[in-house]
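Accompanying notes for the structure given below.
The values are calculated or read from the model by the stated rules, or taken from the named source; none is laboratory data. The structure presented is a predicted model; accordingly, all values stated were derived computationally and were not measured. Here the Cβ is made from the backbone with ideal geometry for all residues, glycine too, and neighbour counts use every protein chain on show. Each accessible area value is taken on the protein alone, full model and side chains, heavy atoms only, with ligands, DNA and RNA left out. Shrake-Rupley method; radii C 1.70, N 1.55, O 1.52, S 1.80 Å.
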Amino acid sequence: SMVKLICTIADHGDDVNCCAFSSSLLATCSLDKTVRLYSLSDFTELPHSPLKFHTYTVHWCCFSPSGHILASCSTDGTTVLWNPQNGQMLAVMEQPSGSPVRVCQFSPDSTCLVSGAADGTVVLWNAQSYKLYRCGSVKDGSLVACAFSPDGNFFVTGSSCGDLTVWDDKMRCLHNEKAHDLGITCCDISSQPVSGFELKYKSTLSGHCAPVLACAFSHNGQMLVSGSVDKSVIVYDVNTENILHMLTQHTRYVTTCAFAPNIHLLATGSMDKTVNIWQFDLETLSQARGIEDQPKQFIEDWSEDDVSTWLCTHSLKDLVDIFKVNNIDGRELLNLTKESLTDDLKIESLGLRSKVLRKIEELRTEVKSLSSGIPDEFICPITRELMKDPVIAS
């Protein structure tokens, strides 16, 4: 499989709101008012963790690009800077309006920090002197999302009213646009360079069946991950917009997702109080890159060629000819059993048989998660679980 779960962290006492990586650490923050720090070498918690100061929910945490400073922000109206190596507090920066701070983000050169609050105020702080540099605000809604361009020339904020606002590094408003009808929950800017600035609609990814709460690009800009109220995490290939992976480990809303810089790790956090760490298998990634015509999302609709492609992706090249001769398409593939592999397809090797059965089982799980077969109106719109006693009201 391309992605495997390598660790589940279950130390927080309440919803996990955000997780962030530096090159050596993982930070997580929660409704339980704490920020926790873990070493990436073995995922053990650092001795000075949890970091305690905030008096309410910690909404967001992020490392400066160098990894030397950690920022966290909270409903208590503060943005706090920490030294992640020893857990010492470097500064407490209070939102001038005292409003709950929902998001904070460092500029790429670490000199500035933006904090966005529930009353729509956005503050640009000098991250060296901890002084307020500029202040602005959006006309409607809470600021819940923020991202800097890779060169630091501008940053984007997203509001609960659905507005994307683009600011330059002096906090002049360059552009404002209604991007989502029901509010923005998260935004991220890819590292892939863009020449000149212009904001225009490119495409829509609609793999989730409930609100999307989090999104993040991988550091090379090739993958995009999203987490949703439907409890799933989807990894997309940015270039083809295909779904590479659907991860369904969490049992409640997925609130946050982050890729590690330069290491092939993904962290996802949820209201189930856990953080899952996933590892990407590089070889499969580069193979997925090379397949021009990736199998279509609905496995039942795969052609015989799609099945051959799938076999090659999972190093089962030896079976391609047998499957071709027997006209195995997607629907047939999902119906294969141990008996049909042995008796009908005459696959001698036990190893090959069990490997292909394992892979088919993974496909079946994927089919189940893509279409649980339960009509949407029987699923609670809030928890996304099957309702025992559904009632339809006008």
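A few comments on the model shown:
- Identity of the residue in the range 232-263, charged (D, E, K, R) and out of contact with any helix residue (DSSP H, G or I) (no Cβ under 8 Å at 6 or more places or on another chain), that ends up nearest to residue 363 (Cα to Cα): 241
- Unique match (being in contact with a Ser or Thr (Cβ under 8 Å, 6 or more places away or on another chain), under 19 Å from residue 119 (Cα atoms) and surrounded by 16 or more Cβ atoms within 10 Å (Cβ to Cβ)) among 166, 138: 138
- Subset of the range 111-121 (residues that are open to solvent by less than 10 Å² (accessible area, probe 1.4 Å) and out of contact with any Asp or Glu (no Cβ under 8 Å at 6 or more places or on another chain)): 113, 114, 115, 116, 117
- Of the residues contained in the range 190-205, one or more are found to be exposed (fewer than 13 other Cβ atoms within 10 Å of the Cβ) and modelled with pLDDT of 90 or more.
- Any hit, the range 170-178, residues being assigned to a loop (DSSP other than H, G, I, E, B), among the charged types (D, E, K, R), in contact with a strand residue (DSSP E or B) (Cβ under 7 Å, 6 or more places away or on another chain) and crowded, with 16+ Cβ neighbours inside 10 Å: no
- Leading residue by the ranking (most open to solvent (accessible area, probe 1.4 Å)) among those in the range 122-133 that are in a strand (DSSP E or B) and of a type in the set (A, V, I, L, M, F, W, C): 132
Conditions (1) more than 19 Å from the chain's Cα centre (by Cα); (2) part of a strand (DSSP E or B), marked per residue:
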residue: 135; (1), (2): yes, yes
residue: 161; (1), (2): yes, no
residue: 184; (1), (2): no, no
residue: 189; (1), (2): no, no
residue: 193; (1), (2): yes, no
residue: 200; (1), (2): yes, no
residue: 210; (1), (2): no, no
residue: 214; (1), (2): no, yes
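- Residue list for the range 321-342, restricted to those being open to solvent by less than 90 Å² (accessible area, probe 1.4 Å) and more than 17 Å from residue 357 (Cβ to Cβ): 324, 327, 329
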